[in-house]
Amino acid sequence: MHPIVFRLACLALLAGVLALMVQESEAVGDKVSYCCEKVSTLKINVPISGFRFQKKDPPCVKAVIFITTEGEQCVYSRLAWVMAKVKELRAANKNSTNASPTTL
């Protein structure tokens, strides 16, 4: 194979690989989600409807994320009131899933 043709073939292959890499990185970029990078120790004084746990994965920190009427609140997970609220929400969720349907 002629050296110029070989170089052009390599360049075309490289361009194809780069195009695939860019396309893949754009697809992954769509999956970015919010995470807590710092937490509060203050008690939440608005209604809390749910929660989720977040593991430490820098820059994200370990936290309980409460879902409130004012949005998500990142809270330090080892506070007594946080653990009590999580327990309360779990019990309420368990009771609502175990409730039998009522008839009218």
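Full extension of the segment from CYS35 to ALA91, taken as 0.36 nm per residue of separation minus the current Cα-Cα distance, would add 17.6 nm. Can you check how the C-alpha radius of gyration of region 30-83 compares to 2.2 N^0.38 Å, as a plain ratio? Rounded to two decimals, the normalised Rg is 1.10. 3J(HN,Hα) along region 57-74: 7, x, x, 6, 10, 5, 7, 9, 9, 8, 9, 10, 5, 9, x, 7, 10, 8 Hz, from the Karplus curve 6.51 cos²θ - 1.76 cosθ + 1.60 with θ = phi - 60°, whole Hz, x for Gly and Pro.
Read-outs: derived from the displayed coordinates by stated rules, not from any lab. This is a predicted model, so every value here is computed, not measured.
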